[in-house]
Amino acid sequence: MRKWTIPFVLFLLCLIFLVPDQGRKIQANAEADSDAPVDPPKVEEKFGAVPNGLSTDSDVAKREAESMSRKTLRASAEKFEFQAEVSRLMDILINSLYSNKDIFLRELISNASDALDKIRFLALTDKEVLGEGDNTKLEIQIKLDKEKKILSIRDRGVGMTKEDLRKNLGTIAKSGTSAFVEKMQTSGDLNLIGQFGVGFYSVYLVADYVEVISKHNDDKQYVWESKADGAFAISEDTWNEPLGRGTEIRLHLRDEAGEYLDELKLKELVKKYSEFINFPINLWASKEVEKEVPADEDESIDEEETSESSSSEEEGEEEDAEKAEDEKKPKTKTVKETTYEWELLNDMKAIWLRSPKEVTDEEYNKFYHSLAKDFSEDKPMAWSHFNAEGDVEFKAVLFIPPKAPHDLYESYYNTKQSNLKLYVRRVFISDEFNELLPKYLNFLMGLVDSDTLPLNVSREMLQQHSSLKTIKKKLIRKALDMIRKLAEEDPDETNDKEKRGLIHIPKFEIVLFTRSIKFSFLGMYDITDVEESSEENEKKGQYAKFWNEFGKSVKLGIIEDATNRNRLAKLLRFETTKSDGKLTSLDQYISRMKSSQKDIFYITGASKEQLEKSPFLERLNKKDYEVILFTDPVDEYLMQYLMDYEDKKFQNVSKEGLKLKDSKTKELKESFKGLTKWWKTTLASDNVEDVKISNRLADTPCVVVTSKYGWSAYMEKIMHSQTLSDASKQAYMRGKRVLEINPRHPIIKALRERVVTDPEDESVKLTAKLIYQTALMESGFDLSDPKDFASHIYSSVKSSLNISPDATVEEEEDEAEEPEVETKAEEESASEDSELKDEL
């Protein structure tokens, strides 16, 4: 008992000390909350939910929010720095940023151009920085050493000091150009000069050792060298040729990069990426020239002997005289010798940087051929040169090529090729940015140059940005304006009455008398042919040429681009029943519409000749209505999107909905009500929706039309011809077929009389079905059972030739097969062949 006494006493003492402290805390909390209003009891939130199942305590949520919003490190935390192996980091940087090795030359030339820009800028305030002699030449030089596998790029730019080399080349992603611009914008202090950022390190894609020799006006000449292994060295240059000022980069190429020692390869890369750099880019290129050198005596003697043996006796005296003269002259021969000289690679100027008013047509043509690599003499149809200002600033030049590529529409939806090149400060970046132009304008050639585009660090990919939508919108608008202007300037597109007028010139007869002159007014000349200028002659027919080459692209634009659909519709051209083979626009069609005409009439088909003979046009032609003739398969898709134009609806004359006034329509419907009802019942098995009186026929007994929103006959043929089409899935899109009959045609009148006499006559039913099948075929539909149609035709032929329906085809007589007997000649020939084989 005693052994538990001491622990128990200690436990009681602890309780005594703890209880008063907890009491004071409870009392303090009660006093603090006494002034707060007491909330009435509430119904428990989430009543019926699982207690503490998925709910989060409010204090916990508050603490998490505070932790997430914290932007500074906690003062009490222990801080560490990220560690990285420099050589490994360099390897990741080089091989991950760039997917194409060719861009290393682009980056180095761009850096050299930046250095030249800086020294030129500094020379505006201090001309002495340029120095004298060759140092004043602001140019870029490229030189090869094939034996040592060294590629050198030199510029006479601002150069770098020892400290610049250490900071700019020793610090990854340190861009001296960016620092230069920032310094100039803030304090105007231009002492911070550097030119290399991440782009410089692309050299290690092709080189395993790099030397950078640089001379700044304020320092000695130094050499920076590195193998991209995490270390670099800088030393004073006492062994290389003095640069004077500028930088020379020497790339010791890898074995697998030997292609960059080829002059043609370097010329190709400069033409592709740096053709429009502001400064001359010269390549130390080899060239073979013919040279006269003294000939050896042995060679000269051989040549004389050869000439003597080939000469004739008659020409001997003349040759002797010539030889005497030749002996006086020293003997020479022509040999080919390899020489080296500087070759300019970028003679084409960036015309988009100039004002459009300052650029001539000849310069635009030359620039187009250079940009498109088109070596023909054809000129572009039109061009648009503009500067965009506002939220996004860029310069652009767009061209309409003279001809469409042969494969422009063959892989329209699969190709990613774009003819629009993207430049940043005159340096080519890529031509694979499909976001700048929609697919239907891919035929345009041109370029966009902007300093504000959001490129990623390798400058190979364009990041998603709101500015892209702005650029795309402006490019589309300018492109459509260019095409519209091409149409407006074409004399053939202008109304004859507006373009030409009657010029009346009085004709006088002059009769000479001894003392007077008599004037006699004889009449007026009507002159309709106004002399056209040479400029108009060049533009004449240009839009028709454009339409023949790229008209399908405009139609695809109407299908794909809902925003610009109305603007594209104004560019549409087509032939009509009144255009006499010339192209017509929708505006011209509307101007010729009758006052009572509310809809724009059109019809689709395989050819113009076929459509002109269509029975759907008979009544319209008689009433002098104009109908648009669409003969391109894409037109069927086009008209599914182009529902109206200028408040005028489009009406396919081969579908239901055609409204033409006819005062006797009601009487005719009542008169032929029995025939239409009987015919509909007879054709029930052929899925005919209805039989109606037609208001579109004149000379044809009947036609088959489809419902307003279903496929037309031509569209059905297009869909059936698709390689991967599924007939079962296309059934719901086929239009409901309606047979429209011509109540004024004698065949229909005669059929009505026969039906009234005997509606159950099988021959009448056969005739009615044959008429329907004929109308079906004439309306452009395919027959579901051609064999049945042919048998009905043959039956009609039998009837017209008074042949009995029961007449059969005469059967062939069975002939006994006789064995083939060889002729005597064949036997002799066979025996001769066998004898010949034996001899061989």
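A few points about this structure:
- Long-range neighbours under 6 Å by Cβ, at least six apart or interchain, first residue under 13 Å from residue 203 (Cα atoms) and open to solvent by 20 Å² or more (accessible area, probe 1.4 Å) within the range 100-127, second in a helix (DSSP H, G or I) and of a type outside the set (Gly, Ala, Ser): 101/205; 102/269
- Close pairs (7 angstrom Cβ cut-off, 6 or more residues apart or separate chains): touching a residue at least 60 places away in the same chain (Cβ under 8 Å) and closer than 16 Å to residue 205 by Cα in the range 245-266, open to solvent by less than 40 Å² (accessible area, probe 1.4 Å) and assigned to a loop (DSSP other than H, G, I, E, B) anywhere: 251/206; 253/206; 257/206; 260/206
- Residue in the range 383-396 that is more than 21 Å from the chain's Cα centre (by Cα), part of a loop (DSSP other than H, G, I, E, B) and farther than 22 Å from residue 482 by Cα present: yes
- Breaking point among (1) under 30 Å from residue 287 (Cα atoms); (2) assigned to a loop (DSSP other than H, G, I, E, B); (3) modelled with pLDDT of 90 or more, for residue 380: (1)
- Residues (over 13 Å from residue 740 (Cβ atoms) and open to solvent by less than 100 Å² (accessible area, probe 1.4 Å)) located in the range 663-675: 671, 674
- Candidates are the residues of the range 138-154 that are part of a strand (DSSP E or B) and of a type in the set (Lys, Arg); the one that is least open to solvent (accessible area, probe 1.4 Å) is 154.
- Subset of the range 705-745 that is farther than 23 Å from residue 629 by Cβ and under 33 Å from the mean Cα position of the chain (by Cα) - its residue that is least open to solvent (accessible area, probe 1.4 Å): 730
- Verdict on residue 694 being among the polar types (S, T, N, Q) and buried (at least 20 other Cβ atoms within 10 Å of the Cβ): yes
Per-residue answers, yes or no, for (1) among the acidic types (Asp, Glu); (2) more than 23 Å from residue 112 (Cα to Cα); (3) buried (at least 16 other Cβ atoms within 10 Å of the Cβ); (4) modelled with pLDDT of 85 or more:
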| site | (1), (2), (3), (4) |
| --- | --- |
| 435 | yes, yes, no, no |
| 446 | no, yes, yes, yes |
| 453 | no, no, yes, no |
| 475 | no, yes, yes, yes |
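- Of the numbered criteria (1) polar (S, T, N, Q); (2) open to solvent by less than 70 Å² (accessible area, probe 1.4 Å); (3) more than 26 Å from residue 114 (Cβ to Cβ); (4) not in a strand (DSSP E or B), the one residue 370 fails is (3).
- Search result, residues across the range 341-363 that are touching a residue at least 24 places away in the same chain (Cβ under 8 Å) and either open to solvent by 50 Å² or more (accessible area, probe 1.4 Å) or touching a strand residue (DSSP E or B) at 6+ places or on another chain (Cβ under 6 Å) (or both): 341, 342, 343, 344, 345, 346, 349, 352, 353, 356
- Tally, over the range 419-444, of residues that are closer than 21 Å to residue 480 by Cα and touching a helix residue (DSSP H, G or I) at 6+ places or on another chain (Cβ under 9 Å): 14
- If you go through the range 746-778 and pick out every residue that is open to solvent by less than 70 Å² (accessible area, probe 1.4 Å), in contact (Cβ under 8 Å) with a residue 40 or more places away in the chain and part of a helix (DSSP H, G or I), you end up with 11.
- Conditions (1) touching a Leu at 6+ places or on another chain (Cβ under 9 Å); (2) among the acidic types (Asp, Glu); (3) surrounded by 20 or more Cβ atoms within 10 Å (Cβ to Cβ): number failed by residue 635: (1)
- Residues that are of a type in the set (A, V, I, L, M, F, W, C), closer than 14 Å to residue 111 by Cβ and within 36 Å of the chain's Cα centre (by Cα) within the range 199-213 comprise 200, 203, listed in sequence order.
- For the range 397-420, the set of residues classified as in a loop (DSSP other than H, G, I, E, B) and either at pLDDT 90 or above or touching a Ser or Thr at 6+ places or on another chain (Cβ under 7 Å) (or both) consists of 401, 402, 403, listed by residue number.
- The residues on offer are 676, 604, 665, 576, and the sole one that is in contact (Cβ under 8 Å) with a residue 12 or more places away in the chain and either touching a Leu at 6+ places or on another chain (Cβ under 7 Å) or of a type in the set (D, E, K, R) (or both) is 576.
- Any chance residue 157 is modelled with pLDDT of 85 or more, surrounded by 19 or more Cβ atoms within 10 Å (Cβ to Cβ) and among the small types (Gly, Ala, Ser): yes
- Per the conditions (1) open to solvent by 10 Å² or more (accessible area, probe 1.4 Å); (2) at pLDDT below 85, the sole criterion not satisfied by residue 439 is (2).
The values are calculated or read from the model by the stated rules, or taken from the named source; none is laboratory data. Quantities reported herein were computed from a predicted structural model and do not represent experimental measurements. In this analysis, Cβ positions are derived from the backbone assuming ideal geometry, glycine residues included, and neighbour counts consider all displayed protein chains. For accessibility, only protein heavy atoms count, side chains too; no ligands or nucleic acids. Shrake-Rupley method; radii C 1.70, N 1.55, O 1.52, S 1.80 Å.
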